[in-house]
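The values are calculated or read from the model by the stated rules, or taken from the named source; none is laboratory data. Values in this document were obtained by computation on a predicted structure and should not be read as measured data. All Cβ positions, even for glycine, are placed from backbone atoms using ideal geometry, and neighbour counts span all protein chains on display. When the accessible area is computed, the model is the full protein with side chains, heavy atoms only, and any ligands, DNA or RNA have been set aside. Shrake-Rupley method; radii C 1.70, N 1.55, O 1.52, S 1.80 Å.
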Amino acid sequence: MHIDVVPNRASRPTYLLRESYRDGVRVKKRTLANLSALSDEQIDSMRALLRGESLRPTGELFEVIHSLPHGHVQAVSAAMNRLGFAPLLNTRPCAERDLVCAMVAARILAPHTKLATTRWWHTNTVAAHFGVAEADEDALYSAMDWLLARQDTIEKKLAKRHLGKGDIALYDLSSSYFEGHCCPLAKFGYSRDGKRGKLQVNYGLLTNRRGCPVAVSVYEGNVSDPQTLLPQVLRLKHDFGIDEVVLVGDRGMISQTAVEQLRTHEGLSWVTALKSAQIRQLVEARSIQMGLFDERNLIEITHPDYPNERLVVCRNEARGRLRAHKREALLSASREQLERVQAMVKKGTLRTAGKIGVRVGKVLDKFKMAKHFELDIGEQHFDFKVNTASVQAEAALDGLYVIRSPLPKNEMDGAELVRTYKALTAVERAFRTLKTVNLKIRPIHHRTADRVRAHIFLCVLAYYVEWHMRQAWRELLFADEDQAAKATRDPVAPARRSEGALRKASIHQLADGTRAHSFRTLLDELSTIVRNTCRSRGSSDDARTFELVTTPNEKQARAMQLLQAIAL
């Protein structure tokens with residue numbers, strides 16, 4: 001007997017159970033049954049029976065003895081392979097390289113302390129995939145020391161990949177707080193984490209124009225922004241061998257003093273912005289004609305105080321209205337609190353000028369509005385009034401900012417200068433990713449300066465891999481896919497996401513009707529791809545095993561496919 005398949009045009013074929021018989025010298029067929037109502041799986045089973053195979057339920061033949069989440073590990077590993085990450089660390093395979101790769105993957109998937117990492121990666125396939133199943137926390141610390149010794153070499157390779165002659169490099173400084181007091185880098189300073197009373201460390205991140213990290217430098221927690229700039233310039237020129245580069249930094253980073261230092265380095269240009277006091281001087285000297293903004297929001301000027309530089313003056317009306325609203329709210333809150341202090345003085349609760357001054361100082365320090373108030377404090381007396389002239393002077397600058405650069409107009413026009421300065425948001429985004437739930441660079445628990453440097457460098461390498469994964473996955477994430485529009489839209493007007501990105505954010509769906517993801521939830525979905533270790537049912541514990549990986553669904557397959565498009 002056998003099963004014949006009879007084509008049925010566009011419909012499902014007809015499946016017939018037939019047997020052959022001999023009629024004299026001729027061989028004929030007779031139909032025994034029509035099997036078309038059976039499923040394909042049932043028909044395949046009948047074919048196996050007709051071949052003489054013995055059929056048993058799969059559960060009676062094999063058993064799954066171990067299952068581990070695998071898809072998210074596979075995704076990170078695929079991205080690292082496309083980036084040539086292991087050769088980036090060291091050209092020759094070694095145990096330390098495997099450990100660093102595993103720690104980077106663990107930092108992306110589930111950032112923990114080193115001890116917790118050695119426990120966590122046995123709950124998935126990280127340890128087996130990277131060959132580090134036997135490693136303990138001491139081995140990880142040794143691998144961190146090995147990584148720090150290779151930091152300069154690795155960063156030179158990254159600079160060669162992502163920075164070239166005349167490219168734009170972004171630079172900014174941030175800080176993270178410590179738990180403990182032993183590290184010599186831990187100092188009290190301006191906390192960008194808003195953690196008062198916590199020791200901290202500063203670190204400066206250098207990226208290319210798109211925000212891809214290239215290098216990181218670690219400083220004591222009380223080092224100011226401008227002090228870190230010149231070492232980065234020297235690294236660009238001497239360590240990375242880049243003679244011509246445009247360095248972009250904010251107004252606090254590239255100050256007037258820093259500009260004077262940068263002028264001494266041939267081939268180095270910069271893009272930064274003026275501080276509020278500098279803008280006020282230009283407005284008061286009538287170097288900036290406010291009437292010019294009636295029909296446009298961007299003008300170019302020159303000024304003798306900034307020789308051989310172009311000043312691009314921008315006015316963002318939406319930002320100006322927001323600033324005016326915020327100032328009025330702060331003034332109103334300050335007046336309300338100061339009136340309460342007045343009432344306390346009248347009641348006799350506050351008597352001496354010293355106590356009154358302390359209480360008033362707390363109010364003004366809270367709302368940062370001291371410059372807009374005139375105070376009259378004496379024994380059992382307190383009065384105040386708003387300095388209208390000061391408020392009007394600040395209001396004249398609402399929404400106004402000035403970009404400065406020595407770049408000639410034929411190399412970068414005014415609109416492009418503004419876009420270049422605003423590209424600093426890419427570094428700010430990197431700091432947010434490093435600090436928050438994604439990579440958790442903070443709080444820092446290490447006790448020695450070298451371990452702190454290695455920890456921060458390890459987190460930056462993890463961000464390097466994650467950055468490329470995010471770029472590859474844009475179509476699956478809530479991210480804006482229309483990146484080309486940034487080069488043509490009004491550089492001064494408030495940034496606006498594309499219609500496609502707004503739609504994804506509104507209905508939480510992609511164009512094909514499937515769910516849109518954040519980076520973290522997409523990794524979670526990939527983690528449902530499981531690696532099962534199987535063996536014959538009833539066999540001994542030392543019997544041979546085999547592995548079966550869950551078949552990915554359409555979204556998972558697309559995510560893995562997009563990672564293969566990562567290019568250096």
When every residue in the stretch 362-382 that is within 17 Å of residue 337 (Cβ to Cβ) and open to solvent by 70 Å² or more (accessible area, probe 1.4 Å) is compared, the one farthest from the chain's Cα centre (by Cα) is 376
With respect to the numbered conditions (1) open to solvent by 50 Å² or more (accessible area, probe 1.4 Å); (2) within 25 Å of residue 549 (Cβ to Cβ); (3) among the small types (Gly, Ala, Ser), which one is the sole condition not fulfilled by residue 79?
-> (1)
Whichever residue in the stretch 424-450 is surrounded by 18 or more Cβ atoms within 10 Å (Cβ to Cβ) and of a type in the set (Val, Ile, Thr) and, among such residues, is nearest to residue 371 (Cα to Cα) | 427
Taking the stretch 220-249 only, how many residues are crowded, with 20+ Cβ neighbours inside 10 Å and assigned to a strand (DSSP E or B)?
-> 4
Going by the conditions given, is residue 151 polar (S, T, N, Q), under 25 Å from the mean Cα position of the chain (by Cα) and open to solvent by 20 Å² or more (accessible area, probe 1.4 Å)?
-> yes
Where residues in the stretch 371-398 are assigned to a helix (DSSP H, G or I) and in contact with a Ser or Thr (Cβ under 9 Å, 6 or more places away or on another chain), which of them is farthest from residue 324 (Cα to Cα)?
-> 371
Qualifying residues in the stretch 474-493 (those that are assigned to a loop (DSSP other than H, G, I, E, B) and under 30 Å from residue 526 (Cα atoms)) - the one most open to solvent (accessible area, probe 1.4 Å) = 481
Inspect all residues belonging to the stretch 404-423 and state whether any of them is open to solvent by 60 Å² or more (accessible area, probe 1.4 Å), more than 30 Å from residue 284 (Cβ to Cβ) and either touching a helix residue (DSSP H, G or I) at 6+ places or on another chain (Cβ under 6 Å) or in a helix (DSSP H, G or I) (or both).
-> no
Sort out for me the helices (runs of 4 or more DSSP H) sitting completely within the stretch 98-149 that have 1 or more residues that are closer than 20 Å to residue 530 by Cα and touching a strand residue (DSSP E or B) at 6+ places or on another chain (Cβ under 6 Å).
-> none
Does residue 143 meet the test of being of a type in the set (Gly, Ala, Ser) and under 28 Å from residue 470 (Cβ atoms)?
-> yes
